[in-house]
Structure formats: structure tokens, C-alpha cells
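What follows is a short report on a single structure.
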Amino acid sequence: MQFTLDIPEELVTRLQLFEHQLPQILELGIRELNAASQPGFAGIAEVLEFLAQLPTSAEIIALRPSAELQTQISSLLEKNRTQGLTAAEEMIWEQYQYLENLVRIAKAKALLKLQAGE
């Protein structure tokens, strides 16, 4: 399929470096846009992007949730205590729990590396 669109010159210049990867770039962009509209994704993406930068062990140990993520978590906790969570909110809560588990594993491994002098 052929697709034509008008884009700013500055973007054309940047895209020329990735000419052969345009279908992949569009697919990743669409995935990100779809995921960003999902509740809770912003906080999760923030942590995953941090880990994708391959931070040092000390940086991993120092990792704390952003104020926005902490607010989302606190809100879900409070709602769960007072009203109960909807099915969608329960799914988001489970994603946060899974993310927290991954971060704990990363922190434990980072601590072991630091203790080993790496």
C-alpha cells in the first residue's frame, strides 16, 4: 500500500536517516499512542523507560515513583479501601503490583552488584 502525507521539513530531514525503517517507526508510534490512552500507562512507561536507559546500580536503588505515579497508586488504594475497584481499576492495580515486583527484583540485583564491588 502506498500512503502520502504532508509533514514539516524538519521532520523530513530527521526521517531521511531512517528511511528504510519507516514502517517500523509508524508501528511503534501507533502502539505508543494506543498504550498512552490506557489508564495507568504513563506511570508504567516512565519506569520502563528509566530501566531501558540501563541505569547504574546506584540509580536503580535510588528509583522512586514520580509524584504522578504515587498519586495514582494512592488514589487506587484509597478507592479500594472505601468503595472497591472496578474491573478496569483492578487490572491497573495488578499492573502496578507487577511493576513493583519487577522494580524490587531490579533493586535486589543492583544491591548485590554494589556489594560485590561491580
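No value in this document is a laboratory result; all are computed from the given coordinates. This structure is a prediction, so every number in the text was calculated from the model and none was measured. All Cβ positions, even for glycine, are placed from backbone atoms using ideal geometry, and neighbour counts span all protein chains on display.
Here are a few things to note about the model shown:
- Computed from Cα atoms, the angle from the helix 67-82 axis to the main principal axis of the chain rounds to 50 degrees.
- Packing-based exposure ordering (other Cβ within 10 Å, fewest first) of PHE18, PHE3, PHE50: PHE3, PHE18, PHE50
- Degrees between helix 41-52 axis and first principal axis of the chain (Cα, 0 to 90, nearest 10): 80
- With Cα atoms, 0 to 90° folded angle of helix 87-115 axis to the chain main axis: 80
- From the coordinates shown, Kirkwood radius over Cα pairs in Å corresponds to which of (1) 17.5; (2) 14.3; (3) 14.8: (1)
- Rounded to the nearest 20 debye, the dipole size of the chain about its Cα centre is 620 debye, using +1 on the Cβ of Lys and Arg and -1 on the Cβ of Asp and Glu.
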